[in-house]
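A.B. asks: Below is a structure I'd like to ask you about.
Derivation of every value follows stated rules applied to the coordinates shown; laboratory data play no part. Values in this document were obtained by computation on a predicted structure and should not be read as measured data. Cβ atoms come from the backbone with ideal geometry, glycine included; neighbour counts cover every protein chain shown.
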Amino acid sequence: MGKRIWLHHRHFQWETSLANRAKVARGARQVKSRGLSHAALQSGAGRIGRNAQAVASEVSTTEQENQTALSHKEKMLANYVPVFVMLPLGVVSVDNVLEDKEGLEKQLKELRAAGVDGVMADVWWGIVGSQGPKQYDWTAYRNLFQLVQDCGLKLQAIMSFHQCGGNIGDVDNIPLPQWVLKIGESDPDIFYTNRSGNRDEEYLSLGVDNQPLFYGRTAVEVYSDYMKSFRQNMSDFLGDGLIIDIEVGLGPAGELRYPSYARNQGWVFPGIGEFQCYDKYLKAEFKEAATSVGHPEWDFPDNAGTYNDTPESTEFFGSQGAYLTEKGKFFLAWYSNKLLSHGDQILEEANKAFLGCKVKLAAKVAGIHWWYKTDNHAAELTAGYYNLKSRDGYRPIARMLSRHYAILNFTCLEMRNSEQIAEAKSGPQELVQQVLCGGWREGIDVAGENALPRYDRDGYNQILLNARPNGVNKDGPPKLRMYGLTYLRLSDDLFQKMNFNIFKTFVKKMHADQDYCPDPEKYNNDIGPLEQSKPKMTIEDLLEATEPMEPFPWDKETDMSVGDALASLIDKILSIFK
């Protein structure tokens, strides 16, 4: 029973009890005023006593019903999945100004009224750190955070160490800090580089993680200083519980991956992408690694095609391709292991920066679903996810995250196989199942996002299915439940009447038909002080998790639907006449 209905029921019972008590009181007054005989008085007293007992019995019954309703509510709350909404990429302008504060405040209040739990905001290194090394201006973000807090919402903050612009959905352009780009002019190898020598300035190459090229600091030290400054300058918001997640940017689009499919490099879906390890720093590291196993002659693949090739058109990914050879396997293991180590090292710095704060760390993994249903998984391999039918490329990431008590945040939750073009051989549904199950098996929380803006019931229903793959449990926690969902993204389109009405229903269904709950402990999302990272794992420990395992079973449809095909048809008809 929903809260509103239950409160109404309780109010009705309370009024009924008062009415009965009033009848008893009126009876007593009538006895006194009429001067009735002793016998009559005794008889009346008996009736009053019986009436009082009846009232007491009714009150007791009401309390039991209330307790039952409360117990039901508590059990249903265990199925609650909080919903956050991503703020616009340029909510703080490239000039470090909070844009359209009044308009944003109106939208935030509408989100709060719709039951939304919080919002997510990119905190751009290219904005805050634009003035120079170790020079930070947090003013605009403090204004933004205060506004979010005043509107009664929680906040997920992204440490955005990447460029905004050049990726799907990017409508703003926020480059890396100018002083960093200046270093890149004299040393372009600080950026990811493809086989043709083209540089990608979205994110610093992980090859410079430990190179002191940034006024005496390494890239990892630069990221660490930024996060320490964030903690120092946002200590009040951290202490107040406004900020509940710190998502640490680990690559392009904030995701732990290589920039293998950048649109600014000419990539078009569903191209396989290109390996991004040809800067001089990663070349030297690979040569050292190959020499250590007795193969100094080994080099990077020269037959893996270009951005928009299909797998079968290349020698590396084709049937019985080079990716299956000893040399190919060594390269792919090295390429993906570098990504694991990169994420591990930066998350350890994040853990040190936020140690003791009541926040959760998080890291985002990209949903590269195209070519998933091929033997080679080419697009995943170029991005750094060494994932094949015989090898799980995602569970080692989850195991690494477990060391830092971090959430695995995954994308493309809204996608269904039937919506994809046949030639892309996509498998978003199976991919989501594999990644989420890998996280659950490694004992970590998993959260997610939709990859593309969606306002339709089918997209919402797919997210709801993935949020609780085996449905709601009316007697307590469900078998499987995501930690949270971040909806992409706040926009004028979202607030169109029909879109927003469906979205409000979606939020209610994510909450398992419960009203907004301000206390995460009630749905088992309580956040204690961040503990120190566990001891470092060897690469061998991490790679034990590459053994493939069958995903947990998934229901065919969600039991918390926002509407079926008929409702969607009615939506379309109404949209024609609006």
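A.B. asks: If you place +1 on the Cβ of every Lys and Arg and -1 on the Cβ of every Asp and Glu, how big does the dipole about the Cα centre of the chain come out, in debye to the nearest 20?
C.D. replies: Dipole of the chain, to the nearest 20 debye: 3560 debye.
A.B. asks: Sticking with this one: Which value, in debye to the nearest 20, gives the size of the charge dipole of the stretch 347-494 about its Cα centre, when Lys and Arg are +1 and Asp and Glu are -1 at the Cβ?
C.D. replies: In total the dipole reaches around 560 debye.
A.B. asks: If you plug each phi of the stretch 345-352 into the Karplus form 6.51 cos²θ - 1.76 cosθ + 1.60 with θ = phi - 60°, what whole-Hz ³J(HN,Hα) values come out, in order, with x for Gly and Pro?
C.D. replies: Taking θ as phi minus 60°, the curve returns 5, 6, 5, 5, 5, 5, 4, 5 Hz for the stretch 345-352.
A.B. asks: Could you work out the mean projected area of the convex hull around the alpha carbons of the stretch 479-522, in square nanometres to one decimal?
C.D. replies: Hull-based average projected area comes out at 4.0 nm².
A.B. asks: Let me ask you something else. For Lys228, go through the lysines and keep the ones whose alpha-carbon is under 19 Å away, minus same-chain ones fewer than eight residues off.
C.D. replies: Qualifying lysines at Cα under 19 Å: Lys134, Lys352, Lys358, Lys360.
A.B. asks: Using the charge dipole of the chain (Lys, Arg: +1 at Cβ; Asp, Glu: -1 at Cβ; taken about the Cα centre), state which of Gly367, Tyr192, Asn387 has its Cα farthest towards the positive end.
C.D. replies: Sorting the options by dipole projection puts first Gly367.
A.B. asks: For Ile127, what charge total do you get from the other residues with a beta carbon under 14 Å from its beta carbon, if Lys and Arg give +1 and Asp and Glu give -1?
C.D. replies: Net of charged neighbours comes to -4.
A.B. asks: For the stretch 416-457, which trypsin sites (Lys or Arg not before Pro) are in a loop by DSSP, counting at most 16 other Cβ atoms within 10 Å?
C.D. replies: Arg416
A.B. asks: Next up: ³J(HN,Hα) across the stretch 208-217 via Karplus (A = 6.51, B = -1.76, C = 1.60, θ = phi - 60°), whole Hz, x for Gly/Pro?
C.D. replies: Karplus-based 3J(HN,Hα) across the stretch 208-217 equals 9, 3, 10, 9, x, 9, 10, 6, x, 10 Hz.
A.B. asks: Taking the Cα centre as origin and putting +1 on Lys and Arg beta-carbons and -1 on Asp and Glu beta-carbons, what dipole magnitude results for the stretch 66-216, to the nearest 20 debye?
C.D. replies: Magnitude of the dipole: close to 600 debye.
A.B. asks: May I ask you to compute the full-extension gain from Ser196 to Asp519, defined as 0.36 nm times their residue separation minus their alpha-carbon distance, rounded to one decimal in nm?
C.D. replies: Gain on extension, Ser196 to Asp519, equals 111.0 nm.
A.B. asks: Net charge within 10 Å of Ala467 by Cβ-Cβ distance, Lys/Arg positive one each and Asp/Glu negative one each, not counting Ala467 itself?
C.D. replies: +3
A.B. asks: OK, next. Around His295, with a cut-off of 13 angstrom between Cβ atoms, what is the net charge of the other residues, counting Lys and Arg +1 and Asp and Glu -1?
C.D. replies: Around His295, the charge tally is -1.
A.B. asks: If you don't mind, there's one more thing I want to ask. D for the stretch 347-465, whole µm²/s, Stokes-Einstein with Kirkwood Rh over alpha-carbon pairs at 10 °C and 1.306 mPa s: what number?
C.D. replies: 105 µm²/s
A.B. asks: Which percent, to the nearest 5, of DSSP beta bridges fully inside the chain are antiparallel?
C.D. replies: 20 percent
A.B. asks: Charges on Cβ only, +1 for Lys and Arg, -1 for Asp and Glu, centred on the Cα centroid of the chain; of Val94, Thr325, Val119, which one is farthest towards the dipole's positive end?
C.D. replies: Val119
A.B. asks: List the pairs from Lys101/Lys509; Lys280/Lys389; Lys73/Lys154; Lys497/Lys522; Lys287/Lys425 whose alpha-carbon separation is above 28 Å, in the order I gave them.
C.D. replies: Lys101/Lys509; Lys280/Lys389; Lys497/Lys522; Lys287/Lys425
A.B. asks: Could you list which residues have their amide H under 5 Å from that of Ala406, counting only those 5 or more apart in sequence or on another chain, with H placed in the peptide plane?
C.D. replies: Residues meeting the amide H criterion: none.
A.B. asks: Taking the Cα atoms of the chain alone, what are Rg (to one decimal) and Dmax (as a whole number) in Å?
C.D. replies: According to the Cα coordinates of the chain, Rg and Dmax are 28.9, 118 Å.
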